[in-house]
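The values are calculated or read from the model by the stated rules, or taken from the named source; none is laboratory data. Nothing here was measured: the structure is a model prediction, and the numbers come from that model. Here the Cβ is made from the backbone with ideal geometry for all residues, glycine too, and neighbour counts use every protein chain on show.
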Amino acid sequence: MILSVNELAFTYPSHSVLQKINFSICKGDFLAVLGVNGAGKSTLLKCINRVLKPCAGAVFIQNDEVGKLSQREIAKRIGYVAQRQESVCMTVYDAVLLGRKPYIQWEASKKDLEITHKALKMLELEEYSLRYLNELSGGEQQKVVIARALAQEPNLLLLDEPTSSLDLKNQLEVVKIIKRVVRNQQIGAVVSMHDLNLAIRFADKFLLLKNGEIFAAGGLEVMTPENIESVYSISVKVKEIDGIPVVVPV
Amino acid sequence: MVVKLKGMEKLKNQTTSNFNINETDIYLRYTGRKKLVLVVLACLIILVAIVAVNAGSMNLNLYQVIQSILGNGSNVSDVVIWRIRLPRILAAIIAGAGLSVAGCVMQNNLRNPLASPSTLGISNAAAFGANLAIIVFGAGSISSTSTDAVTINNPYLVTVSAFICSMIATMVILLLARIRSFSPEAMVLSGVALSSLFSAGTILIQYFAQDFQIAAVVFWTFGDLGRIAWPEVSILTCLIGVAFIYFMSKRWDYNALDSGEETAKSLGVNVERVRQGGMFVSSLIAAVAVSFLGIIGFIGLVGPQIMRRIIGGDHRYLIPASALMGSLLLLISDTMARTMVSPVVLPVGAITSFFGAPLFLYLLVRGYQKK
């Protein structure tokens, strides 16, 4: 087991966002976190790596409680890609090298440069390495931040809506890359998503959030029209086209 | 937005043309060019320093200057070189580096390209302190020398008072910001509020002051490197040296902060502590510099901005490059201030802004055209 979340809760002074969240994932699992805007998807991801401090419950990464680890140690185990990226005047290589930050004492070592190179290669970004981030397209920028998260050599990836600003081609490409990396490296991924079709096609596990609580969790069997309808308040049909499951609103 | 380093395109093209060179080698050559920029800047500073030590109202030739520096000069040239020109030149190099590097860190910590050592109201607080010392505690008086109409008869009192007030401003802002988790907005806004409070205090004190006291205050406000002697140079060198090492030890944290607060946290950066430390140390530099030298504007804003446009936003190189550019700008400005209408020495603060602004605008426009 890579990640285990027990009775997690998060509350803002004015309202409660998450309550009684329990789930776990294993090596190679791609978990899609689904729910309407404001359901608590992003908050859940941030509570896992303590970008936000949960007010109750515990998160365990490889049986170590995240709350008891230093921020640097958490960064060595959990890679995180935020929903919005800042437009930074930094080269692609520098941006990916930043993923080595938790390991760097004073200066980047040869090993850090090698791992950066590997991460660039994995995301096919070699030819962009000296381009500035703010000169890249949305899809390319998204790949850079995923490469940065991979340069952290994490056991778990947290990705907050990694496809929301991408075109159809880039959406598929990015999710395929995530899937491939999770499989090959035998790490876990928790991905918040809005696109149900991408989720149902690529994810192994699903977590449906409704009003800050888990409505349903499990494998493909939880992605029933009834569950989706209850969470999103619209009627849908789940069909298969050429063996690919799709969710169609009706 | 960035004026790319020359030859970068060439380097990039090699990625496709030469398969034996991988990205890491190309990257190392690219960072090598940034290091070269640092070396060039350092050489320029040495060059300008040589010009500066030879320049001035007292005509000394290069031989006399070298003899003096080696300890074999005449009494007159020794006084001019050792007691007037060298402390002044070193003050320009060190204070310029300090102000510029403080601006660089503040721009990063406050996520605001307009941030500079005066952003948190430190200059206004120091000016209030100087007013208090000169007007209320009587540290200014009239004199009849040909060069200065007024003198400050107790410079230490003015310096200490300016320093205390600027540190009070810094501490109040940092304490207030602590309540709001050191958010950039909280720091900038409380800086603006305090700045205006100290300005109001200054106006009130000046309203009840006599003419010569106001003249002394105005004279103090013009930044002037001539006020500094060896003890002050030593204090500035120690403080800015330690601050520089501190900033360099946080350079990766500053790079992570540029990618956003959440990303920085996820990379293991204690964002609040980094901001608290960065703002405190850079405010301390600003407070000491302004207390010793008066207000020298624009170096802290323009130094890092010029270098950001030349070598990019990587703080591993941006911090030393900003320091060097600050030194160069202040040294050139001070040399111009001393020589333009010699024997009158113009206020260096006016020169830095007068020549810094057009240079900055030129780079800004050139940067946007590139984009």
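Checking B:Ile245 against (1) over 21 Å from B:Leu114 (Cβ atoms); (2) modelled with pLDDT under 85; (3) within 14 Å of another protein chain (Cβ to nearest Cβ), only one condition comes out false. Which one?
(2)
Could you please find all residues in the range B:96-122 being in contact with a helix residue (DSSP H, G or I) (Cβ under 6 Å, 6 or more places away or on another chain), small (Gly, Ala, Ser) and over 21 Å from B:Lys250 (Cα atoms)?
Selection gives B:Gly121 alone.
Do any residues in the range B:175-188 that are under 18 Å from B:Ser116 (Cβ atoms) and in contact (Cβ under 8 Å) with a residue 24 or more places away in the chain have Cβ atoms under 6 Å from those of residues that are among the charged types (D, E, K, R) and not in a helix (DSSP H, G or I), where the two are at least six apart or on different chains, and which pairs are they?
As it stands, the answer is B:Pro184/B:Arg111, since those pairs meet every condition given.
Which of (1) of a type in the set (A, V, I, L, M); (2) without any contact (Cβ under 8 Å) to a residue 60 or more places away in the chain; (3) exposed (fewer than 14 other Cβ atoms within 10 Å of the Cβ) is the odd one out, the single condition A:Val66 does not satisfy?
Single failed check for A:Val66: (3).
Can A:Glu107 be described as in a loop (DSSP other than H, G, I, E, B) and at negative phi?
The answer is yes for A:Glu107.
Of the residues that make up the range B:279-298, is at least one under 30 Å from A:Leu156 (Cα atoms) and not β-branched (Val, Ile, Thr)?
No, every residue in the range B:279-298 fails to be under 30 Å from A:Leu156 (Cα atoms) and not β-branched (Val, Ile, Thr).
List the helices (runs of 4 or more DSSP H) that sit entirely inside the range B:253-325 and contain at least 1 residues that are within 14 Å of another protein chain (Cβ to nearest Cβ) and surrounded by 24 or more Cβ atoms within 10 Å (Cβ to Cβ).
The helices (runs of 4 or more DSSP H) meeting that bar are B:261-266, B:299-311.
Among residues belonging to the range A:48-63 that are buried (at least 21 other Cβ atoms within 10 Å of the Cβ) and more than 12 Å from chain B (Cβ to nearest Cβ), point out the one that is nearest to B:Gly260 (Cα to Cα).
Among residues in the range A:48-63 that are buried (at least 21 other Cβ atoms within 10 Å of the Cβ) and more than 12 Å from chain B (Cβ to nearest Cβ), the one nearest to B:Gly260 (Cα to Cα) is A:Pro54.
Go over the candidates A:Val92, A:Val81, A:Val96 one by one and state the one that is under 30 Å from A:Gly138 (Cβ atoms), more than 20 Å from the chain's Cα centre (by Cα) and of a type outside the set (S, T, N, Q).
A:Val92
Please enumerate the residues belonging to the range A:75-96 that are more than 8 Å from every other protein chain (Cβ to nearest Cβ), without any contact (Cβ under 8 Å) to a residue 60 or more places away in the chain and under 22 Å from A:Ile177 (Cα atoms).
Of everything in the range A:75-96, those that are more than 8 Å from every other protein chain (Cβ to nearest Cβ), without any contact (Cβ under 8 Å) to a residue 60 or more places away in the chain and under 22 Å from A:Ile177 (Cα atoms) turn out to be A:Val92, A:Val96.
What number goes with the only condition from (1) under 20 Å from the mean Cα position of the chain (by Cα); (2) crowded, with 18+ Cβ neighbours inside 10 Å; (3) under 21 Å from A:Ile21 (Cα atoms) that A:Ile228 does not pass?
For A:Ile228, the failing item is (1).
From the list B:Asn131, B:Asn124, which one is under 20 Å from the mean Cα position of the chain (by Cα) and either surrounded by 15 or more Cβ atoms within 10 Å (Cβ to Cβ) or at pLDDT 85 or above (or both)?
One residue alone meets the criteria, B:Asn124.
Please verify whether the range B:180-198 includes one or more residues that are among the polar types (S, T, N, Q), at positive phi and either within 14 Å of chain A (Cβ to nearest Cβ) or surrounded by 15 or more Cβ atoms within 10 Å (Cβ to Cβ) (or both).
There is at least one residue in the range B:180-198 that is among the polar types (S, T, N, Q), at positive phi and either within 14 Å of chain A (Cβ to nearest Cβ) or surrounded by 15 or more Cβ atoms within 10 Å (Cβ to Cβ) (or both).
I'm trying to understand the selection: among the residues of the range B:204-238, which are without any contact (Cβ under 8 Å) to a residue 40 or more places away in the chain and under 24 Å from the mean Cα position of the chain (by Cα)?
B:Val218, B:Pro231, B:Ser234, B:Cys238
Can you tell me which residue among A:Arg72, A:Arg84 is out of contact with any helix residue (DSSP H, G or I) (no Cβ under 8 Å at 6 or more places or on another chain), assigned to a loop (DSSP other than H, G, I, E, B) and surrounded by fewer than 18 Cβ atoms within 10 Å (Cβ to Cβ)?
One residue alone meets the criteria, A:Arg84.
Among the residues of the range B:46-55, is there at least one that is free of Cβ contacts under 8 Å to residues at least 40 places away in the same chain, polar (S, T, N, Q) and not in a helix (DSSP H, G or I)?
No, because not a single residue in the range B:46-55 is free of Cβ contacts under 8 Å to residues at least 40 places away in the same chain, polar (S, T, N, Q) and not in a helix (DSSP H, G or I).
Of the residues that sit in the range A:109-122 and are touching a Lys or Arg at 6+ places or on another chain (Cβ under 9 Å) and farther than 14 Å from A:Leu98 by Cβ, which one is surrounded by the fewest Cβ atoms within 10 Å (Cβ to Cβ)?
By that ranking, first place goes to A:Lys111.
Any chance the range A:143-153 includes a residue that's within 14 Å of another protein chain (Cβ to nearest Cβ), surrounded by fewer than 22 Cβ atoms within 10 Å (Cβ to Cβ) and under 23 Å from B:Ala256 (Cα atoms)?
Yes, the conditions are met somewhere in the range A:143-153.
Where residues in the range A:123-132 are surrounded by fewer than 21 Cβ atoms within 10 Å (Cβ to Cβ) and facing chain B (nearest Cβ under 9 Å), which of them is modelled with the highest pLDDT?
Ranking the candidates gives A:Arg131 first.
With the structure loaded, tell me whether A:Leu120 is hydrophobic (A, V, I, L, M, F, W, C), within 14 Å of chain B (Cβ to nearest Cβ) and assigned to a strand (DSSP E or B) or whether it fails that test.
So A:Leu120 does not fit the description; no.
Any idea which residue in the range B:9-43 is modelled with the highest pLDDT, counting only those that are aliphatic (A, V, I, L, M) and more than 27 Å from B:Ile332 (Cβ to Cβ)?
B:Leu28
Say whether the condition of being free of Cβ contacts under 8 Å to residues at least 40 places away in the same chain, crowded, with 22+ Cβ neighbours inside 10 Å and either under 17 Å from A:Lys20 (Cα atoms) or small (Gly, Ala, Ser) (or both) is met by at least one residue in the range A:32-39.
Checked the range A:32-39: no residue is free of Cβ contacts under 8 Å to residues at least 40 places away in the same chain, crowded, with 22+ Cβ neighbours inside 10 Å and either under 17 Å from A:Lys20 (Cα atoms) or small (Gly, Ala, Ser) (or both).
Looking at B:Val79, B:Val101 in this structure, which one is under 21 Å from the mean Cα position of the chain (by Cα) and among the β-branched types (Val, Ile, Thr)?
Result of the check over B:Val79, B:Val101: B:Val101.
For B:Leu176, indicate whether it is more than 26 Å from B:Ser353 (Cβ to Cβ) and surrounded by 13 or more Cβ atoms within 10 Å (Cβ to Cβ).
For B:Leu176, the condition - more than 26 Å from B:Ser353 (Cβ to Cβ) and surrounded by 13 or more Cβ atoms within 10 Å (Cβ to Cβ) - is met.
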